[in-house]
Every structure is written in structure tokens, then in C-alpha cells.
Amino acid sequence: MASQVTILGVAGSLRKQSYNKGALRAAQGLVPPGAKLEIFDIAGIPGFNQDEEKSPPPKVIELKSRIRAAGAILLCTPEYNYSIPGVLKNAIDWASRPYGDSAWNGKPVAIMGASVGAFGTMRAQYHLRQCFVFLNMEAVLQPEVAIAGAADMFDAEGNLTDAKAKELISQLLKNLVAKAR
Ligand code: FNR
């Protein structure tokens with residue numbers, strides 16, 4: 001039997017009613033058999049300071065250990081000003097340091113995102129893919145999951161309702177788990 005794969009999901013928004021947090025919750029119900037998706041909330045991680053990278057704050061220690069315990073990573077992020085939200089980039093930077101001790105190294109990763117705009121976070125997603133080169137993370141290329149016009153894709157409780165988006169997330173998770181195995 002294939003081994004169990006734990007996916008660590010991280011949302012790039014701190015907002016309580018975040019569409020991206022909603023999409024991650026939806027993904028938890030769409031993981032293929034033999035896998036589970038745990039969510040790590042990056043709220044409370046202070047701004048990165050290289051002076052502190054060798055004695056990072058407790059939340060960063062926890063993030064690094066959760067990344068290391070996971071077989072795969074799923075990032076679900078909005079785009080801010082056509083790029084990666086600062087809170088997500090900040091978490092990525094913390095967990096990549098100090099040099100030679102990056103928790104991300106070699107991890108398979110998939111990206112998805114929801115935005116109220118028409119391009120569904122694709123610009124942030126491409127910027128993340130650029131980071132994966134230096135982080136040595138193996139990114140799933142297809143399908144690209146970009147939930148545009150998010151206000152119409154979620155219900156009042158922030159749950160993803162769009163069938164096509166759910167189908168794409170299922171396929172993305174299948175491909176991520178296959179890569180992790
Ligand atoms: C945005 N938003 C946005 N949307 C977009 O499609 N392209 C963009 O470049 C931006 N830029 C941007 C910058 C900042 C600072 C904010 C706060 C918002 C809108 C964004 O898609 C919307 O706020 C989403 O609801 C954010 O995702 P969450 O918080 O719902 O997950």
C-alpha cells in the first residue's frame with residue numbers, strides 16, 4: 001500500500017473571512033485517498049530580521065518543524081499589487097533561513113489562489129514559482145488553479161461553492177500527492 005502523505009497547507013491571507021482560507025478548507029475535503037491536508041496559520045509571525053534567524057521566534061520554529069514533517073506543501077494565496085502578499089513572503093523567508101537550514105528544501109509544492117479580480121492570483125503564483133527555483137522546491141505545474149471573481153465563487157460563510165474550481169483542486173492535489181510519492 002502506498003504510504004500516507006501529509007500535505008501542509010498555508011494561506012497567504014490573515015483575513016478572518018479570507019477566500020483563500022476558504023479554498024484551503026475546501027481542499028481538505030478533496031484530498032485523494034491516502035493523504036491528509038493540515039493547515040498552518042501564519043498569523044503572528046513577526047517581520048523577518050536576519051539578526052534573529054539563528055534564534056527564530058517560536059512560531060517560526062513551529063512552522064519549520066511542520067514543513068519538515070510534511071511530505072508536500074500547498075500554498076493558497078491572494079495576490080497583492082500583482083505579487084505575493086508580504087505575510088506569505090515573510091513566512092517563506094523565515095522558514096528558508098539560516099542559509100543551509102531551509103525547511104523548504106526539496107519539498108514538492110502546489111499553488112492555488114482566489115482573488116476578487118479577473119486574473120485569479122496568477123501574477124502572485126508566477127512570482128512564487130520564481131522563489132521555488134532558489135528554494136529547490138519541486139512545483140506541480142498543472143492544473144493552474146486560479147479562482148477569479150471570488151465574490152461569486154464562495155457562499156456567505158466563505159465556503160467554496162464553484163464545482164469547476166473544486167474539480168481543479170482535486171486534480172491539483174492528486175498531482176501533488178503523486179509527486180510526493
Ligand atoms: C488586493 N486585491 C487584489 N486583487 C487582484 O486580483 N490583484 C491584485 O493585485 C490585488 N491587490 C490587492 C492588494 C491589497 C493590499 C489588497 C488588500 C487586496 C484584492 C484581493 O483579491 C481581495 O482582497 C481578496 O479577497 C484577498 O484574498 P482573501 O483575503 O480573501 O484571501
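Where a number appears in this text, it was derived from the coordinates with a stated rule and is not lab data. This structure is a prediction, so every number in the text was calculated from the model and none was measured. Quick reminder, even Gly has a Cβ in these numbers, built from the backbone with ideal geometry, and neighbours come from all protein chains shown.
Figures for the structure shown
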item: Radius 12 Å from Cβ of residue 161, net charge of other residues (Lys, Arg +1; Asp, Glu -1); result: -2
item: Across 89/179; 16/54; 59/89; 54/179; 36/59; 16/164, pairs whose alpha-carbon gap is larger than 20 Å; result: 89/179; 16/54; 54/179; 36/59; 16/164
item: Descending semi-axes in whole angstrom, ellipsoid equivalent of the chain, from the Cα gyration tensor; result: 24, 19, 14
item: Relative contact order, percent, the chain [alpha-carbon distance under 8 Å, six or more residues apart]; result: 27
item: Set of the range 94-122 residues, backbone N closer than 17 Å to the point 7 Å along the Cα-Cβ line of residue 164; result: 113-122
item: The chain - mean residue ellipticity at 222 nm from DSSP helices (-39,500 (n - 2.57) per run, n ≥ 4, rounded to 500); result: -11000 deg cm²/dmol
item: Amide proton proximity set for residue 35, modelled H, under 5 Å, gap of 5+; result: 5
item: Label point distance in nm, residue 53-residue 134, each placed 7 Å from Cα along Cα→Cβ; result: 0.9
